[in-house]
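The values are calculated or read from the model by the stated rules, or taken from the named source; none is laboratory data. It should be emphasised that the depicted structure is a prediction, and the values quoted were computed from it without experimental measurement. All Cβ positions, even for glycine, are placed from backbone atoms using ideal geometry, and neighbour counts span all protein chains on display. To get the accessible areas, we keep the full protein, side chains included, count just its heavy atoms, and leave off ligands, DNA and RNA. Shrake-Rupley method; radii C 1.70, N 1.55, O 1.52, S 1.80 Å.
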Amino acid sequence: YLKISKLALAFAIIHSKPPGKSCKEYTEHLARTVSEQDFGWKSKAEALEAEVLRLRQELLLNKICPRFCLENNASAETPLDQECAKPLSYSSQLEDSGCDVSNDYAFDSLGTASDFHQSEQIANTSKRWLERVLPLDLCCSSKESVTAPVQFLQHLLEIKKLSERGILQADFTELENDSFTICNSVSQLLDGLTIFYNSPKFPVSHLVSEAVFVLIRLITDNKLSNHVMKKCFKKLEEFKKNLIHLILRNSGVNRFQTLHAVANTLVLLARNNILRNSLVSLLLLEVRQFAVQLLQAHQIQAMYDITQYENIFPLFMILEQLLQNETKDSSVSNSDYDGEEKIRFLKNLDQIILHLSDEFPLFSLYLWRVSVLLESTQME
């Protein structure tokens, strides 16, 4: 049947071929026409899907906080803040390799911890601000793919904050009834950030900094994080793995600023204990695998990946920071992350350090420091 169909199509093309064109040229012309039509339908379908998601986001917010709640609280008077959130600091970002930096904190591409706390304090919105921004305008006027989910999640967080103060009445059980909208919005946000980190532009745009800020607020919120973690855990895990691989595989000459930005985002994600525990396990896995590969290459005097060797140190620094925070913070349980990965990391580690210490002293030192931190957390 397929052969007959192809033969019939060939005869149809030959009979309908305009004069002056060969069969091959006419066939290529028809193929281009069909391809353009498919592309047009695909674009229309994506636009319609975006519109459906926008309407679902608006509907969900109106279910959580009905319009009459805003009108009934018209007498509530609170100061209107100048801005809903302070953009994270980028004044010191330079379009260079990042090699010549006198102050480590001045080169914090996605904001320091103090910036984040300050942003949380400044993000003190009022009922009048919420009235001004609703109804939502979530259409992507920007080419960046994170605009719509950022706006939706911002509104969700602000409604939550105002409801806690008693300014608004909100029912967040609606999130359980519409898991698609929250999950899809978070997924779009993570996809947009992944696209940016694959081809970053410095200084970082306000939209990207706001996306990171909103994401961290969402996963550290006591109530909203439960909904997000239940529905989007796999996507968040995939996002973390992508960021780790971006660090390891980045071979650009001026890559240090990008590596710092990605590393800082991973540290911010670790503010959520569940994500923190899985991140520690992922980092231990990557470091252990590279240590074994490096030892094998050293033993047979083979070549090793120098770029990956250089890029492994940001992972060491992230791991050290997380383990140090664990020893300081008694509320963090070190038994939650994968104990098997910890055992595998420490197994034969002394032998690996012994064999690599002469040729790779810095790498061996970092391995030893991580092992000490792991053992100290176990003692704690």
Which residues, taken from segment 211-252, are under 17 Å from S199 (Cα atoms) and either hydroxyl-bearing (S, T, Y) or assigned by the TED database to the domain that holds R288 (or both)?
S251
If we scan segment 66-89, do we find a residue that is surrounded by 12 or more Cβ atoms within 10 Å (Cβ to Cβ), within 30 Å of V214 (Cβ to Cβ), modelled with pLDDT of 50 or more and touching an Asp or Glu at 6+ places or on another chain (Cβ under 9 Å)?
yes
Taking D191 as meeting all but one of (1) in a helix (DSSP H, G or I); (2) modelled with pLDDT under 90; (3) surrounded by fewer than 20 Cβ atoms within 10 Å (Cβ to Cβ), write down the number of the exception.
(2)
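Every residue, every condition in (1) surrounded by 10 or more Cβ atoms within 10 Å (Cβ to Cβ); (2) modelled with pLDDT under 50; (3) over 23 Å from the mean Cα position of the chain (by Cα); (4) among the small types (G, A, S), yes or no:
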| position | (1), (2), (3), (4) |
| --- | --- |
| P19 | no, no, yes, no |
| S43 | yes, no, yes, yes |
| E49 | yes, no, no, no |
| R54 | yes, no, no, no |
| E58 | yes, no, yes, no |
| S91 | no, yes, no, yes |
| D108 | yes, yes, no, no |
| S114 | yes, yes, no, yes |
Wholly enclosed helices (runs of 4 or more DSSP H) of segment 196-307 bearing at least 2 residues within 28 Å of L367 (Cβ to Cβ) and open to solvent by less than 20 Å² (accessible area, probe 1.4 Å)
224-249, 256-269, 273-299
Among the numbered criteria (1) at pLDDT below 95; (2) under 15 Å from the mean Cα position of the chain (by Cα), which single criterion is violated by Q169?
(2)
Is it true that some residue in segment 260-267 is in contact with a Gly (Cβ under 7 Å, 6 or more places away or on another chain) and at pLDDT below 95?
yes
